[in-house]
Amino acid sequence: MGVERVLATITATDGEVHDALLHIDDRITRVRERSSGHRTAVIHVHGIMGNFLVGTLRFLPSRLARAGYPTLVVETRMGNVGQLFGKAIFDDAIKDIEAAFWWLEAQGYDHIVVCGYSSGATLAARYVATHNLVGIKALISISGPWGLPQSLEARSRKWGASPSYEQIVERLAGVVGSGTPDRPEDDRLFVIEQSRGPTRRPQDSEVYTYRTWWHSRGPEAYSAMAFRQLPHITVPTLFTQGTADQVVDSEEAQRQADLLRESGNEHVDLVWVPEAGHFYKGQEILLVDAITDFLGGIE
């Protein structure tokens, strides 16, 4: 029958409800389960734009399913309009991955790999670093930044963003601060032009509320800094990075891999995908091969 897709509804511990889509090829999955002795599944966490726009690698889940790795693509509060309506608070989104994990475990999966793309890689790293669960067997970071605040600040300087990173910090520090006050003014919208590219067009801009920016991109958003999470991660980890990525500098993957190895993790892989940009267009097969090789090596 090939790859089937099962729509699931998952509920976080704070009551937030999200859709998730399980990609699975039953026949190949059973073959892999018999050969490995485990029921392995992957949680795939999207980037800033969510699953239904351009924030995820849509080609990836079905190809992993065809290789015998059912993949649950979970929507989190960080995607789509979350940062516009104030729900995209980084540490709250951990609850969404928790819900995906428990859903898969309830389906009988005992080996769960947490895979994140772009900003979702940072969220995945935070989850794995703070959840020492037997069922979590590996982490995959696809084009993940060294830290979301650091990556945004670097892009701001590179493209001459308006307002600059420093100007935003100055504006927000007296309004939001380091706490989480429930005040209407904290959810005012603002636009950063030339934040992701050289023009003032929408595709090169970003939009946040005061709170969603502060708690995911602000200078005190420590949980959104991958490099602060890595020393606490002991499971096998794969970093992938395109050599032509215009969003995340290629050296960020190398720094993360080096840090994780220095922290004592003995199973750290780094795969460079030649000529691949942030969306891996035209190099999809190379990325899939790198991930399936890694997954085969940890079973």
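The values are calculated or read from the model by the stated rules, or taken from the named source; none is laboratory data. Computed from a predicted model, the values in this text were never measured in an experiment. We place every Cβ from the backbone using ideal geometry, glycine too, and count neighbours over all the protein chains shown.
Below is a table of values for the structure above.
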item	result
Filtered residues of the stretch 129-169 (kept if polar (S, T, N, Q) and part of a loop (DSSP other than H, G, I, E, B))	ASN132, SER143, SER164
Long-range neighbours under 6 Å by Cβ, at least six apart or interchain, first residue within 23 Å of GLY47 (Cβ to Cβ) within the stretch 148-167, second of a type in the set (A, V, I, L, M, F, W, C) and surrounded by 15 or more Cβ atoms within 10 Å (Cβ to Cβ)	LEU148/ALA224; PRO149/ALA221; ALA161/ILE192
THR209 being among the β-branched types (Val, Ile, Thr) and at pLDDT 90 or above	no
Unmet requirement for ILE89, which otherwise passes all of (1) surrounded by fewer than 24 Cβ atoms within 10 Å (Cβ to Cβ); (2) at pLDDT 95 or above; (3) out of contact with any Phe, Trp or Tyr (no Cβ under 9 Å at 6 or more places or on another chain)	(2)
Residues that are more than 24 Å from LEU286 (Cα to Cα), modelled with pLDDT of 95 or more and not small (Gly, Ala, Ser), drawn from the stretch 131-148	ILE136
Residues of the stretch 103-142 satisfying the condition of being in contact with a strand residue (DSSP E or B) (Cβ under 6 Å, 6 or more places away or on another chain), over 19 Å from HIS38 (Cα atoms) and aliphatic (A, V, I, L, M)	ALA121, LEU123, ALA124, VAL128, ILE142
Count - residues of the stretch 116-151 that are more than 11 Å from the chain's Cα centre (by Cα), within 15 Å of PRO231 (Cβ to Cβ), buried (at least 22 other Cβ atoms within 10 Å of the Cβ) and not aromatic (Phe, Trp, Tyr)	2
Pairs, first farther than 17 Å from ILE97 by Cα in the stretch 29-53, second modelled with pLDDT under 85 and assigned to a helix (DSSP H, G or I), C-beta under 7 Å, six or more apart	none
Criterion: buried (at least 16 other Cβ atoms within 10 Å of the Cβ), under 20 Å from THR76 (Cβ atoms) and at pLDDT 95 or above - qualifying residue of ALA290, ALA257, ALA221, ALA226	ALA226
Scope the stretch 16-35; condition within 15 Å of GLY108 (Cα to Cα) and either out of contact with any strand residue (DSSP E or B) (no Cβ under 8 Å at 6 or more places or on another chain) or surrounded by 15 or more Cβ atoms within 10 Å (Cβ to Cβ) (or both); matching residues	LEU22, ILE24, THR29, ARG30, ARG32, GLU33, ARG34
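Yes or no, residue by residue, for (1) on the phi > 0 side of the Ramachandran plot; (2) among the charged types (D, E, K, R); (3) in contact (Cβ under 8 Å) with a residue 60 or more places away in the chain:
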{"residue": "GLU193", "(1), (2), (3)": "no, yes, no"}
{"residue": "PRO202", "(1), (2), (3)": "no, no, no"}
{"residue": "VAL207", "(1), (2), (3)": "no, no, yes"}
{"residue": "GLU220", "(1), (2), (3)": "no, yes, no"}
{"residue": "VAL248", "(1), (2), (3)": "no, no, yes"}
{"residue": "ASP269", "(1), (2), (3)": "no, yes, no"}
{"residue": "GLY282", "(1), (2), (3)": "yes, no, no"}
{"residue": "ASP293", "(1), (2), (3)": "no, yes, no"}
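Residue-wise test of (1) farther than 23 Å from ALA8 by Cα; (2) assigned by TED's automatic domain parsing to the domain that holds LEU260; (3) of a type outside the set (A, V, I, L, M, F, W, C); (4) without any contact (Cβ under 8 Å) to a residue 40 or more places away in the chain.
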residue: ALA65; (1), (2), (3), (4): no, yes, no, no
residue: GLY68; (1), (2), (3), (4): no, yes, yes, no
residue: GLU75; (1), (2), (3), (4): no, yes, yes, no
residue: ASP92; (1), (2), (3), (4): no, yes, yes, no
residue: ALA99; (1), (2), (3), (4): no, yes, no, no
residue: GLY108; (1), (2), (3), (4): no, yes, yes, no
residue: ALA125; (1), (2), (3), (4): yes, yes, no, no
residue: VAL128; (1), (2), (3), (4): no, yes, no, no
residue: SER141; (1), (2), (3), (4): yes, yes, yes, no
